[in-house]
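Heads up, the thing below is written out as structure tokens.
The values are calculated or read from the model by the stated rules, or taken from the named source; none is laboratory data. Source: prediction; values computed, not measured. FYI the Cβ positions are ideal-geometry reconstructions off the backbone, even for glycines, and counts take in every protein chain you see.
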Amino acid sequence: MEFEGKRILITGAGSRGGIGAATAHAFARGGASVVITGRNAERGAEVVDDITAGGGKARFVLADLSDLADVERLAKEAGEIDVLVNNAASYRASIKPTLDQDSAANAESWDTNVRANFVLSTRLVPGMIERGGGNIVNISSIAAAIAMPHMATYGAQKAAVESFTRSWAAEWGRHGIRVNAVAPGNVNSDNVVEFIGADQFTSWSEVNPLKRNATPEELAEVIAFVASERASFVTGQVIVADGGRLAV
């Protein structure tokens with residue numbers, strides 16, 4: 001199988017119906033041993049149970065990625081990791097009118113969306129170097145590339161993630177480490193639909209040529225491809241999966 005023997009850490013994968021959980025399933029189907037994180041132990045256990053019921057290997061680590069101590073602990077508990085998927089995102093404080101944003105909540109979203117990616121990556125990369133290579137997939141957003149009302153902070157955070165992606169690819173490529181980002185458009189993940197509102201979210205599907213929003217499973221397939229040997233010469237790239245939104 002494609003990921004047989006690989007150890008994969010996916011942040012923000014501890015609830016059903018999201019990109020993270022779908023990605024964990026995709027890697028597990030490929031033979032990987034997956035470590036998933038989230039902030040709710042009960043929901044995380046549900047995802048693990050779903051994966052193991054299908055014959056996959058998974059374990060859950062409870063972690064709040066806005067808390068630096070939790071991020072450091074996660075890096076240690078995860079152990080040796082071959083593929084890191086920096087998927088966790090905080091958006092409730094950063095997707096709103098700029099003048100309405102609370103400074104403390106805003107800072108917490110920067111910690112989750114930017115600092116956690118930096119800390120986890122820099123803690124796990126030395127082990128990848130020792131083992132002769134590895135893979136990092138950062139989850140960005142088309143908000144980093146286009147101007148949208150209420151997206152100033154979130155877009156800036158994802159632009160930072162894309163900068164990490166390009167710089168780390170240049171810095172660590174000689175060690176056999178590939179670093180890429182996947183930038184989704186609108187995805188029908190349960191948490192996002194609940195936050196935005198089903199009617200509003202459905203209306204957003206009209207702005208892309210495919211006239212629909214993506215499923216978490218579709219994004220998971222892109223992420224798995226980027227991390228696989230099928231993409232062995234791809235690094236430093238932002239892979240956009242937006243139904244053609246940026247094309248129009």
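Quick look at the numbers
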| quantity | calculated |
| --- | --- |
| Which listed residue, of 192, 179, 226, is under 26 Å from residue 98 (Cβ atoms) and either surrounded by 16 or more Cβ atoms within 10 Å (Cβ to Cβ) or more than 14 Å from the chain's Cα centre (by Cα) (or both) | 192 |
| Selected residue [closer than 16 Å to residue 37 by Cα, outside any helix (DSSP H, G or I) and touching a Ser or Thr at 6+ places or on another chain (Cβ under 9 Å)] from 138, 117 | 138 |
| Odd one out for residue 243, checked against (1) at pLDDT 95 or above; (2) among the small types (Gly, Ala, Ser); (3) out of contact with any Leu (no Cβ under 6 Å at 6 or more places or on another chain) | (3) |
| Given (1) of a type in the set (A, V, I, L, M); (2) within 26 Å of residue 169 (Cα to Cα); (3) in a loop (DSSP other than H, G, I, E, B), index of the condition residue 84 fails | (3) |
| Evaluation of residue 89 against (1) crowded, with 20+ Cβ neighbours inside 10 Å; (2) modelled with pLDDT of 95 or more; (3) not in a helix (DSSP H, G or I) (one fails), failing number | (2) |
| Residue count for region 206-223, restricted to those that are of a type in the set (Gly, Ala, Ser) and either touching a Pro at 6+ places or on another chain (Cβ under 8 Å) or surrounded by fewer than 17 Cβ atoms within 10 Å (Cβ to Cβ) (or both) | 1 |
| Residue selected from region 98-125 under the condition surrounded by 17 or more Cβ atoms within 10 Å (Cβ to Cβ) and of a type in the set (Val, Ile, Thr), by the criterion nearest to residue 227 (Cα to Cα) | 125 |
| Hey, residue 174 surrounded by fewer than 23 Cβ atoms within 10 Å (Cβ to Cβ), more than 18 Å from the chain's Cα centre (by Cα) and either part of a helix (DSSP H, G or I) or modelled with pLDDT of 95 or more (or both) or not | yes |
| Cβ pairs under 8 Å, 6+ apart, first in region 1-17 and crowded, with 22+ Cβ neighbours inside 10 Å, second modelled with pLDDT under 95 and of a type outside the set (S, T, N, Q) | 12/89 |
| Extreme residue, nearest to residue 2 (Cα to Cα), among residues of region 32-76 that are surrounded by 15 or more Cβ atoms within 10 Å (Cβ to Cβ), touching a strand residue (DSSP E or B) at 6+ places or on another chain (Cβ under 7 Å) and of a type in the set (Ser, Thr, Tyr) | 33 |
| Strands (runs of 3 or more DSSP E) contained in region 1-64 and holding at least 1 residues closer than 28 Å to residue 185 by Cβ and touching a Lys or Arg at 6+ places or on another chain (Cβ under 8 Å) | 33-38 |
| Residue that is more than 18 Å from the chain's Cα centre (by Cα) and buried (at least 21 other Cβ atoms within 10 Å of the Cβ), where the choices are 128, 148 | 128 |
| Residue in region 212-231 that is touching a strand residue (DSSP E or B) at 6+ places or on another chain (Cβ under 7 Å), within 18 Å of residue 91 (Cα to Cα), modelled with pLDDT of 95 or more and in a helix (DSSP H, G or I) present | yes |
